[in-house]
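See structure below.
The values are calculated or read from the model by the stated rules, or taken from the named source; none is laboratory data. Note that the structure is a prediction, hence the values are computed from the model and not measured. Here the Cβ is made from the backbone with ideal geometry for all residues, glycine too, and neighbour counts use every protein chain on show.
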Amino acid sequence: MRVTILGGTGFVGGYIVEQLLEQGHDPVVLVRRGSESKVYQPERCWLVPGDIGDDEALRDAVRNSDAVIYNIGIIREFPNRGITFQALHFEGARRAMDIAEAEGVTRFLLMSANGVKAHGTGYQRTKYMAEEALRTTGLDWTVLRPSLIFGDPRGNTEFAQQLYRDVIRSPLPAPLFFDGVLPLDAGGFEMAPIHVRDLATVAVNSLNLPETLGVVYPLCGPRRVSWREIIGLIAEVAGVTKPTVPVPVWAVHTVATFFDRFALFPVTRDQLSMLTQGNTCDSEVNWQMFGIDAPIAFDAEALAYVNPVQAG
Ligand SMILES: NC(=O)c1ccc[n+]([C@@H]2O[C@H](COP(=O)([O-])OP(=O)(O)OC[C@H]3O[C@@H](n4cnc5c(N)ncnc54)[C@H](OP(=O)(O)O)[C@@H]3O)[C@@H](O)[C@H]2O)c1
């Protein structure tokens, strides 16, 4: 199949391109100026220069493809540069849907996120709006809603390695966030991170599975871990003992409110809200249907990449 991937140059996108190539597909990758070196095996891909706001580039990327994967997403807005959740999660996706339909491409996969909802954070709301828009099209669609995604970032940004660099290696104790006034269960909120390879496998295999048409898949890994355990696991991989300190969410919220727009401040208000909401799934996925015997668990072995020195 010839498959257009929008958002193919980042962390997840690179693994999707790798999986497409492994399965003998022809990836077409929309590449923004300056991101040329981020394409996975560019010599084996069709590259279309352009931004999601450029309709002509989008048409070129989508034309003659058998499927479109919309994988663009951001975690932080910079409105004065036009980088907003509304533009990239909703308007860009909507434009890609319209162009896919106009070009006669019927198969469309949308990368959403676990926990999206109509009345959530800006991130959650705009991803939910894209899902709702997709339902109104005549496309053969599938929506993937991954939890937090982990795995070797291969030069991109990924949360476990970021935690290792910014929290575990920092001389300050690791924050165990808690809601309310008393730190009764500080850092107790849970995640079930999914490995990036499993997510890429699900994405690519679903393209050929009629069972996935019109289905929304929450995708979580097999192991639920609390924030406290995540800190402990990454410290273990780093070979250190990390002191922790309870931190009330309201305090960070207050500071983040002022610093949201500055790239240097490590966490935005929305990120913190979503983090402390937890990120687990209620439903089970039939992994075998997607060609996965057992999904990769979030454990010390799978996390060795966060500290290549320690891993030897
Ligand atoms: N990482 C997670 O834990 C997680 C969890 C749930 C859902 N997701 C979703 O998974 C998807 C991939 O996430 P990721 O972690 O791989 O993010 P990422 O590494 O930041 O990659 C984002 C991709 O979007 C592209 N992009 C951004 N702005 C664009 C624009 N204006 N025009 C065209 N392309 C643009 C980026 O291109 P450049 O390379 O040029 O910047 C890159 O290819 C996103 O939809 C995200 O919301 C991620």
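Couple of notes before you dig in:
- Segment 59-100: number of residues that are farther than 18 Å from MET274 by Cβ and away from the ligand (no atom under 12 Å from the Cβ): 16
- Meets criteria (of a type in the set (D, E, K, R), more than 13 Å from the chain's Cα centre (by Cα), surrounded by 14 or more Cβ atoms within 10 Å (Cβ to Cβ) and not in a strand (DSSP E or B)) for ASP198: no
- Any hit, segment 157-168, residues being at pLDDT 95 or above, closer than 24 Å to GLY14 by Cα and away from the ligand (no atom under 15 Å from the Cβ): no
- Search result, residues across segment 19-37 that are of a type outside the set (Gly, Ala, Ser) and either within 13 Å of the ligand (Cβ to nearest atom) or in a loop (DSSP other than H, G, I, E, B) (or both): GLN23, HIS25, PRO27, VAL29, LEU30, VAL31, ARG32, ARG33, GLU36
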